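Novice: Dropping a structure here in structure tokens format, bear with me for questions.
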Amino acid sequence: MKKIILIILTIVTSIICYSQKLETEYYFISNDTLLVDHFLTFKNDSVVLISSVPRHMWQYFEKELKYKKLSENLTIYADDSLQLDNYGFYDNKQLKIEGNALLNESQKDLYVVRKDFDKSPNLFIKFDGKEYKIDMGESNSYGLVTKSPKNNRRLKRAMKNIDLDNYETKLIKGFEAYKNFGYKYVFGIIELKQK
């Protein structure tokens, strides 16, 4: 009896740890500045809903696609007639489940659980071995600011004492930020390195 309970617990634990979450929105983070973002919502063990991000004066898009899960890998089958490339969905998607992230190493695609981040996720800046959070405030689908960003006084003091001409600036986001810095940095980290 103990063996059976242990086997059941092991199976349930592995399903929970290595599974996409049903009815959870996964947000696609583009590696460039184009607005090709979209959501994936897994409806059951074979259907995923792809939808555009609602924006004022933009046409909303929503379509169910089939997918297959094998171990910790997903294959989402694209329908060529839908012109999904407008949403960064160019072909069948091969995704690997890593915690709350879904990723494709070769195409550098990254999806994150949207509710893990604020309405307007923060950026980070890193230099001289220290990290600072940059509050981005919030805006609605009309582009109107609904919450002003907070000033980071600690960052302001640190920036006061450096000469930016002596630093190289690099913005890293999406897949590259996830791989180099971790999950919480996927919406962007500005790295300053001395020349």
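Novice: With label points built 7 Å along Cα→Cβ from the Cα atoms of Val47 and Arg154, find their separation and express it in nm.
Specialist: Between Val47 and Arg154, the simple spin-label model gives 4.7 nm.
Novice: Another question, then. Under a point spin-label approximation (7 Å from Cα along Cα-to-Cβ), what is the Lys115-Tyr77 distance to one decimal in nm?
Specialist: Spacing of the two 7 Å Cα→Cβ label points: 3.0 nm.
Novice: Still on this structure: Compute the length gained on full extension between Asn104 and Lys68: take 0.36 nm times their separation in residues and subtract their Cα-Cα distance, giving the result in nm to one decimal.
Specialist: Details: separation 36, 0.36 × 36 = 12.96 nm, distance 1.52 nm.
My answer for the length gained is 11.4 nm.
Novice: If you don't mind, another one. About the Cα centre, and with charges only on the beta carbon of Lys, Arg (+1) and Asp, Glu (-1), how big is the dipole of the range 91-132? Nearest 20 debye, please.
Specialist: Working: 8 positive and 8 negative charges, 27 e Å.
Here the size comes out at about 140 debye.
Each reported figure results from applying straightforward, stated rules to the coordinates on display, with no laboratory input. Quantities reported herein were computed from a predicted structural model and do not represent experimental measurements. Positions of Cβ are backbone-derived with ideal geometry, glycine not excepted, and every protein chain shown enters the neighbour counts.
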